[in-house]
Structures are given as structure tokens and as C-alpha cells.
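For reference, the structure is listed below as C-alpha cells.
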Protein chains: 2
Amino acid sequence: MDVKILLKESDIPKTWYNVVADMKYAPAAVLHPGTGKPVGPDDLSPLFPMPLIEQEVSAQREIPIPEEVRRIYALWRPTPMCRALRLEAAIGTKSKIYYKYEGVSPAGSHKPNTAIPQAYYNKMAGRKRIATETGAGQWGSAMALGGSFFGLDVKVYMVNVSYNQKPYRRMYMEAYGAQVVASPSRDTNAGRGILAESPDSPGSLGIAISEAVEDAATRPDTSYALGSVLNHVCLHQTVIGIEAKEQMKIAGDYPDVVIGCCGGGSNLSGIGFPFLRDKFDGKRDPRIVAVEPASCPTLTKGIYAYDFGDTAKLTPLIKMYTLGHDFVPPGIHAGGLRYHGNSALISQLYHEKLLEGQAYGQIAVFQSALTFAKAEGLLPAPESSHAIHAAIVEARRADEEGKRKTILFNLSGHGYFDLAAYDDFINGRLADHEHPAEKIQEALDRLPKVEV
Amino acid sequence: MDVKILLKESDIPKTWYNVVADMKYAPAAVLHPGTGKPVGPDDLSPLFPMPLIEQEVSAQREIPIPEEVRRIYALWRPTPMCRALRLEAAIGTKSKIYYKYEGVSPAGSHKPNTAIPQAYYNKMAGRKRIATETGAGQWGSAMALGGSFFGLDVKVYMVNVSYNQKPYRRMYMEAYGAQVVASPSRDTNAGRGILAESPDSPGSLGIAISEAVEDAATRPDTSYALGSVLNHVCLHQTVIGIEAKEQMKIAGDYPDVVIGCCGGGSNLSGIGFPFLRDKFDGKRDPRIVAVEPASCPTLTKGIYAYDFGDTAKLTPLIKMYTLGHDFVPPGIHAGGLRYHGNSALISQLYHEKLLEGQAYGQIAVFQSALTFAKAEGLLPAPESSHAIHAAIVEARRADEEGKRKTILFNLSGHGYFDLAAYDDFINGRLADHEHPAEKIQEALDRLPKVEV
């Protein structure tokens, strides 16, 4: 049988799937951090162009993908689905393991699926510039690429410690014409304020968000852009799962379980929501599994409550699973999963038990990553390796139970920029961090007081 | 029209194409460095397993690809061919530009096309270990991957300066289980001898070859492996061109010119030889163009003569275009093209004017690389960018002449590990180096004296 299940260019989806249309309850309102009242389009328009605000609040099931976006998607989409025959043999399972591979995008992850339409809608709305933040660098790379395609200037506030530790990520963004500064920077009030107090601040995603938001809010030609969490971001990622369903049809198969790693939720939304649709339609009953790092177990150990999206309490309040807006996760290597909160949509669906959560320590995750790399060839990103590990755990459990399952996971990116993490793992320099129970109570005590 | 022209897994070639069968003259004999007599299989058997030695001297037109090799090829092959519509628009040409993309392999370049069969034949022959060298790291990465697939230990002698400058490449090889040492090392007589004289030696490809050859020659369980130059390496790479011809058929097109960068020659052989076959068959008359760096212009400014393959004069003598075995090219960023010599097959075909040569400076090459990256999304390797530049030059010339040409080039790898080079280019730290005429005379004076 074929290892790769490929679609034609004409199979690139023509619409994104909006899960909101099928949810039991409307999404919880997003609240203004000052007034505690629901935010409206006018509150958001300094930051985002109107088409993205409309998508953020839309309840329309199918949202058309602009033809110009589809033409750029065509540079790497449809992405391949692979039957992991060699991995199955390596772990000796009777189950069938498939993976959808998003690392073929020019930026090496699923992030361009939303960076391209975000750049497109900003261009259409007449914005000239995009300000954004990046931690590990995946999102900044995707946004630099998106800006380059549409002739938009992109400024990336890159967490200072990453800026210094990951020069290749900075250089990648600069190669595509983006301006990259270490955050906190001298370019914003937020940045200058922090530097005045801590000249050697290592920065944080929270600080970088504050800088990018200030930049966009104070310049009419500039939008803010986010690479996860928001509804329109999750929406754009559904091209992954829509394609995966077609590929499963070609394989003559259907997954018992669909697995994605979960930080802000865009990757899990992408692979999971289109399969969830089959559940809503009563056609099928796949399990959808969100995989988190044990050191930042938002869904599995967090609280479902209103909280800030950032440390500095500048963003609107979102009802989501959270470990507390001031929780700083340990410095694990899956930087893309180190977020205290989660997507509002993922949170609500998880709360309704339509999604499952699992959390694993990074040592087990890297072990599975190398098992995969040696069997299938590809070196996976540490974030994606959480999904690999969960798939292997699932296959082994099925073997123990004498069952043969069909398992699908999303391999959201490659690990070419993460080799220092592999080096640490091989040389025994990684540690596991469990989330201590007392931290939950501390976070609970500091949640913003909200009356809804 | 579709951007990507994809083949099915069943279209992976079943045979490699051996250009020797169609050459006007038999390849010039390879000579023993001590006796000056032609080397035979017995001279080579300490270094290579017999099936590879047979391929090295074979005149059989089609050589079957083992099924186990095809199954591993299937993890990423057939590779895509893309119509570069966005690049065509960016440079405003009327010509059609296609590229074959080999960067989808797990190691990120065309090198696994030969690393996989080399590992396979060594495994079949009962060898347990492979010793090899690597400069920029592409070849070492591919061999580490190949060894991992077949359970062979791989030891890579990595040029000291690269070992320190490219830690990610070292880490990649180690992730796949290879042992990597900086060369010169204390593990061989050759290495110890050099360290005794120069404890801080930066190393060179010549030294690393000496170490790997000594390692293999002194251990019966160990083979030596090379990633370019040799006939069997060029043979394995022909899967590229064989697929490309099928893809051109699907596109309903045929290239007027086929372009590949050329260092040791494996990449140009891969894309070029199958098209050359059409010329031999009298079916078509495509131009095949080898693109070199102006700083190391082996074909375009070298001498066609017998020379050593390495600086230390340990290898057999090969009749090839050479700049002299002791020529040390300037430290340009296309490390894979910094070789004083060339493939014997490429050299002979070039001498018979069946191939063309072009040489370009690296500044123009990086400019074209970024033009390509911003148009097509993908960040190309500096080596492959030589082919991109030649394709752009070709398209512009056709426009000036009022012609519309069909241009095909091989994009042999991605540039994720080469971002320091892009950073140097963007910040004006790159220089061009022309090869001075007096160097040619110097090299001529030092060529080994050979009577054939």
C-alpha cells in the first residue's frame, strides 16, 4: 500500500469550517478588561481589520476561503497524509497510525494557514503594517512570510531570551523582510517601562504581546496579529482537518481517535474541529484528544474561568481553561505549548466533554520523537512530538486491550530549528516538571473578579 | 493551472539510469595513487561493498533499484515538481520556469537518494559500520539517516571549522545515532599526525576524507562512503531526472534548458543525465547547464587532467576537471560547491561539450535566492541558489531575445541550516571572489605526472 495519501490542488478546501455553528451554546462573551462589559467590533477595530473581526464573532458554518489565499496555499497544500507503517513496525503495534504533515509549509509548521489569510485581509483593508509577537519563533516566521507575500511591513517583538538563543529564527524572519526586535524594546512605552526597572529583562510572551498591541493601537496603518487562541485563527486552521477527512476517505479508513498537541489551541482546532463536525452530525463518534505538556497542563489541571490572555492584563478577558495569567511555565523545549490559557472554543468544547485532554512529561515526549524520527525519517518539532507520544501510548493501550485502532495525529511542524532541544535530551539535560496542586489554588485566588 | 505536478508512489523509478552506457567513449580509467596503474575491484573492496564497486564500473544502461530502497524512498519520493508562476511574475518573464524540489527529504536535500542505497548495500554485504566525512553537513546528515534506517553504526569526521560553526548539523546527525567527531581527530593516525603539527587545525575536507578512509581501510567491519563525485553516487541521483521527465510529460512540456548546481556533480547528474539520455537517443536536444561558484570554477576555468580527489593525495587519481588538489577555495557559503575537482562522468561529458558550464559570484546568487524565497515561499540552500540564479539569467536573456523558453532547475535542498549566510548577505558581509588566472598555471605545475 502507499505510504503517502495525496490530494490534488483542486482539493484544497474552498471554505473553512466554523465550529461555532454547531456548538450547543454560543461562545461565552469576551469582556473588556476595564469595564467588564462584552467587547464589540469597535473595541477591536484599532487592532484588527473588519473581515477578521467578523470571522471572530461569526456563527456561519462555512466561511469562503478567498481565491488569492487558496493560490498561496497551493504552494504547499494540500499537505500529505502518511500511513506510519515503519513506526507501527518499530513499536510492534497492530493498530494503524496515520499522520497529517504540516511541516511542508515554507515556514515549517501549520502557522502559515492563518498568517496568509490574516495578511490578505489586512492588505484588503488597506493596512500597511502588522505588529506581532513571537516566543519560540514559529509564529513570527509565518507572519514574516505572510507579510512578504502581500507587501506588508511586519514588525516582530521577539521575547528577548529567544532572540538571543534562537538567532536562526530571527534571521529567517529578516530574510523575508520583517523587522525583528528583542522584547522588551525601547520602541514602545510598555517596553521602555520594563527596561527602566529591569535593564536585563529576559522578556516574556506577555510583555511582547503588550508591545505589539501598543504598536498596533497607536498607529492607524498597523494591525495586530495573533497566531493562536482567537476564533478566527482556529477557523483558518480547519483546512488541516478538512483535507485529512478527504485523505481518510481515500485510505478507506476513519480514525477512532484524532490527536493534536495543544498550547493556544490552533493546531488541535485545525485537525480536530472538522472531525468533531461528524460527531455533531451524528455520523461518527471519533475521540478528539488535546495533548499538553505536564509542566503546563491548562486543560487537564486548569480552571475554567474568565482570565486575561496576557501577563500584563492588557487583553480582553476570555472564558477559558487557565493556570492563571501570571503563571510562568518552566522553560521546557516545546515553547509553542507554554501558554497559561487556551482557545475559548477549545475550552468550551472541552468543558462540554467533546474533547479529551492528556498531559505528558517532556522526557517521554522526546523519547517518542526519536522513535518516530528513526522510523519515519522526519525530525518532528517538540510541540508536535506531544501528539506523536500520545499516538504511541494509544496504540500500545489498544494492543494491551487486544483491539486494533485507527489513530490519526497532526504532525504540525519539523524540528530543524529545535536541535538544541534534541541535544539536551540525548545528553540527559532535560527534566520533567509536574504542575504542583498548590499552584492551582494560588491562580484561583488571583483570577479577575467578573460578574456575567 | 496547478502549481505542483505530483506523481504517485508507484511512479518512483524502478531502475537508475547509467549514463556510461550511452557515452561515446568508455570512462577514463581510475589510477592507483602509488602505481599509476588502473585500480581494480580488489583495490576498492576494503572501502566499498561489492555491489557498489560493480555499479561504479558498470556499463549497463538500467540498474534495478532494490525494493527495500524504493520503500524508503517512498517516505518522501516522488518529490514535487513546481511551476514557479510567482517567480515568473516577480521577474516579469515570458518564459516558463519549473523546479524539481528535493528539499522534502528528511535530511533536507537530494543526498539521501544515494545514502539510502549505500546503507542498504553495505547492510546486505554484512558491513556493520560506515565511516564518512562531511563539510557543510548535508552529506553527513543523509548518511546518519541512512545508517539509522538499516541499523548501521555511522561515524562522521566533520571538518573542525564546520563542527564548531554548525552545531545544529552535528546535533542532527547525533539525533539519528551517528557518532560525530571534529576532524582532525585523535581517532586516526592521519588526524593525530596533523594535530601534532597544528593543534588548532581548522581541518579541511581533504583531511576528513583521509581520516574516514583510514578508519574504513583498517576495520574489516567498516565501509567508507562518499556523497558525490563517484559514478555510483551520480547513478543513484538519477531518480531526480527520471521523475522530472514524467512530470514534464504531465505538464505537457519539455525543457529547453535543464539547470543544476555543480560541486562534486551528484546533483547535476541527478537532474541532468536522464535528459541527456533524450539527446543520446536523438529524441530531443535540451541544454544541460552546470552552475558553479565563481570562486571555485572547476569546469569553467579548471584543467581536464588526472588529479587526486583529496588534498592529502591518498585517493586514486581521477581524470577530471580540477583546480589542483591543493587548491583551497575561499570560504563562500555554498560549502557543498567548494570542491577542487569534479565527477569523472560530468568532466568527460563536459569535455565532449554535452554539458555547459556557467559560474556566478555569491552576491548575485543570494540576491536571486531571496527573489525566489519571497515569490515562492521556500528558503533555498545556497548551493541550490546557484541554479535559481542561472534560471533567472536564462529567463531574462530569453526575454531580451524575444523568445519564450521552458526552463527547469533542480532545487536540491532547503536553507534552514544556512541562515547565517542569509544574515551575512542581508548585512553586506559577503564578498565575491574571482578565480585568478595565475592560480590555473600554479595548479597545472603541481598536477601528478601520469602516463596513460
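The values are calculated or read from the model by the stated rules, or taken from the named source; none is laboratory data. As the structure is a prediction and not an experimental result, all values here were calculated from the model. Reconstructed Cβ throughout: ideal geometry from the backbone, glycine too, with neighbour counts over all protein chains shown.
Residue count for the range A:137-185, restricted to those that are of a type in the set (A, V, I, L, M), crowded, with 24+ Cβ neighbours inside 10 Å and more than 23 Å from A:Leu75 (Cβ to Cβ): 2. Residues of the range A:99-129 that are in contact with a helix residue (DSSP H, G or I) (Cβ under 7 Å, 6 or more places away or on another chain) and assigned to a strand (DSSP E or B): A:Lys100, A:Ser109. A:Ser10: in contact with a helix residue (DSSP H, G or I) (Cβ under 7 Å, 6 or more places away or on another chain), surrounded by fewer than 18 Cβ atoms within 10 Å (Cβ to Cβ) and not aliphatic (A, V, I, L, M), yes or no? Spelling it out, it is not the case that A:Ser10 is in contact with a helix residue (DSSP H, G or I) (Cβ under 7 Å, 6 or more places away or on another chain), surrounded by fewer than 18 Cβ atoms within 10 Å (Cβ to Cβ) and not aliphatic (A, V, I, L, M).
If you check B:Glu102 against the conditions, is it of a type outside the set (S, T, N, Q), within 14 Å of chain A (Cβ to nearest Cβ) and crowded, with 22+ Cβ neighbours inside 10 Å? Spelling it out, B:Glu102 is indeed of a type outside the set (S, T, N, Q), within 14 Å of chain A (Cβ to nearest Cβ) and crowded, with 22+ Cβ neighbours inside 10 Å. I'd like to know if the range A:344-356 contains one or more residues that are at pLDDT below 95 and either in contact with a strand residue (DSSP E or B) (Cβ under 9 Å, 6 or more places away or on another chain) or not polar (S, T, N, Q) (or both). Checked against the condition, which is being at pLDDT below 95 and either in contact with a strand residue (DSSP E or B) (Cβ under 9 Å, 6 or more places away or on another chain) or not polar (S, T, N, Q) (or both), the range A:344-356 yields no hits at all.
Number of residues in the range B:324-365 that are in a helix (DSSP H, G or I), among the hydrophobic types (A, V, I, L, M, F, W, C) and within 19 Å of the chain's Cα centre (by Cα) equals 6. Just a yes or no: is a residue in the range B:169-187 part of a helix (DSSP H, G or I), within 14 Å of chain A (Cβ to nearest Cβ), closer than 28 Å to B:Val69 by Cβ and of a type in the set (Ser, Thr, Tyr)? Yes. Selection of the range B:188-205 for residues being under 28 Å from the mean Cα position of the chain (by Cα) and of a type outside the set (Gly, Ala, Ser) yields B:Thr188, B:Ile194, B:Pro202, B:Leu205.
For the range B:226-250, a residue qualifies if it is closer than 17 Å to B:Ala21 by Cα and of a type in the set (A, V, I, L, M), and the qualifying residues are B:Leu230, B:Val233, B:Leu235, B:Val239, B:Ile242.
Out of B:His340, B:His333, B:His351, one residue alone is more than 27 Å from B:Ala190 (Cβ to Cβ), touching a residue at least 12 places away in the same chain (Cβ under 8 Å) and surrounded by 22 or more Cβ atoms within 10 Å (Cβ to Cβ). It is B:His333. Within the range A:419-436, is there a residue that is touching a strand residue (DSSP E or B) at 6+ places or on another chain (Cβ under 7 Å) and assigned to a helix (DSSP H, G or I)? The answer is no, given that none of the residues of the range A:419-436 is touching a strand residue (DSSP E or B) at 6+ places or on another chain (Cβ under 7 Å) and assigned to a helix (DSSP H, G or I). Counting only helices (runs of 4 or more DSSP H) that fall entirely inside the range B:18-77 and contain at least 2 residues that are within 14 Å of chain A (Cβ to nearest Cβ), surrounded by fewer than 17 Cβ atoms within 10 Å (Cβ to Cβ) and among the charged types (D, E, K, R), the qualifying elements are B:67-73. If I filter the range B:297-307 down to residues being buried (at least 24 other Cβ atoms within 10 Å of the Cβ) and either in a helix (DSSP H, G or I) or of a type outside the set (D, E, K, R) (or both), which single residue comes out as farthest from the chain's Cα centre (by Cα)? Looking at the filtered set, the residue picked out is B:Gly302. Among the residues of the range A:122-135, those that are out of contact with any Asp or Glu (no Cβ under 8 Å at 6 or more places or on another chain), buried (at least 24 other Cβ atoms within 10 Å of the Cβ) and not β-branched (Val, Ile, Thr) comprise A:Asn122, A:Gly135. Kindly indicate whether any position in the range B:157-166 is in a strand (DSSP E or B), within 25 Å of A:Tyr168 (Cα to Cα), among the hydroxyl-bearing types (Ser, Thr, Tyr) and without any contact (Cβ under 8 Å) to a residue 60 or more places away in the chain. Checked the range B:157-166: at least one residue is in a strand (DSSP E or B), within 25 Å of A:Tyr168 (Cα to Cα), among the hydroxyl-bearing types (Ser, Thr, Tyr) and without any contact (Cβ under 8 Å) to a residue 60 or more places away in the chain. When the range A:215-237 is filtered for residues that are polar (S, T, N, Q) and within 12 Å of the chain's Cα centre (by Cα), the ones remaining, listed by number, are A:Ser228, A:Asn231, A:Gln237.
From the list A:Leu370, A:Leu314, A:Leu378, pick out the single residue that is assigned to a helix (DSSP H, G or I) and touching a residue at least 40 places away in the same chain (Cβ under 8 Å). Just a single option satisfies the conditions, and that option is A:Leu370. Exactly one residue among A:Ala208, A:Ala196, A:Ala144 is more than 14 Å from every other protein chain (Cβ to nearest Cβ) and either outside any helix (DSSP H, G or I) or without any contact (Cβ under 8 Å) to a residue 60 or more places away in the chain (or both), and that residue is A:Ala196. The set of residues from the range A:342-381 being among the aromatic types (Phe, Trp, Tyr), within 14 Å of chain B (Cβ to nearest Cβ) and closer than 30 Å to A:Met320 by Cα comprises just one member, A:Phe366. Looking for something of a type outside the set (Asp, Glu), at pLDDT below 85 and in contact with a Cys (Cβ under 6 Å, 6 or more places away or on another chain) - is there at least one such residue anywhere in the range B:329-341? Yes, that holds for at least one residue. The residues of the range B:1-17 that are facing another protein chain (nearest Cβ under 10 Å) and under 30 Å from B:Ser58 (Cα atoms), listed by number, are B:Leu7, B:Lys8, B:Glu9, B:Ser10.
Yes/no matrix, rows are residues, columns are (1) of a type in the set (Gly, Ala, Ser); (2) farther than 23 Å from A:Met1 by Cα:
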{"position": "B:Val39", "(1), (2)": "no, yes"}
{"position": "B:Leu47", "(1), (2)": "no, yes"}
{"position": "B:Pro64", "(1), (2)": "no, no"}
{"position": "B:Glu67", "(1), (2)": "no, no"}
{"position": "B:Arg71", "(1), (2)": "no, no"}
{"position": "B:Pro80", "(1), (2)": "no, no"}
{"position": "B:Ala84", "(1), (2)": "yes, yes"}
{"position": "B:Gly92", "(1), (2)": "yes, yes"}
{"position": "B:Lys100", "(1), (2)": "no, yes"}
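With the structure loaded, tell me whether A:Val154 is farther than 24 Å from B:Tyr168 by Cα, within 14 Å of chain B (Cβ to nearest Cβ) and without any contact (Cβ under 8 Å) to a residue 60 or more places away in the chain or whether it fails that test. For A:Val154, the condition - farther than 24 Å from B:Tyr168 by Cα, within 14 Å of chain B (Cβ to nearest Cβ) and without any contact (Cβ under 8 Å) to a residue 60 or more places away in the chain - is met. Take the residues in the range B:428-452 that are more than 14 Å from B:Val328 (Cα to Cα) and of a type in the set (Gly, Ala, Ser), then tell me which one is surrounded by the most Cβ atoms within 10 Å (Cβ to Cβ). Here the answer is B:Ala431.
Selection of the range B:249-259 for residues being surrounded by fewer than 22 Cβ atoms within 10 Å (Cβ to Cβ) and of a type outside the set (D, E, K, R) yields B:Ile250, B:Ala251, B:Gly252, B:Tyr254, B:Val257. Sub-6 Å Cβ pairs linking a first residue in the range A:408-433 that is more than 9 Å from chain B (Cβ to nearest Cβ) to a second residue that is among the acidic types (Asp, Glu), at least 6 apart or interchain, are A:Ser412/A:Glu102; A:Leu430/A:Asp424, ordered by first then second residue.
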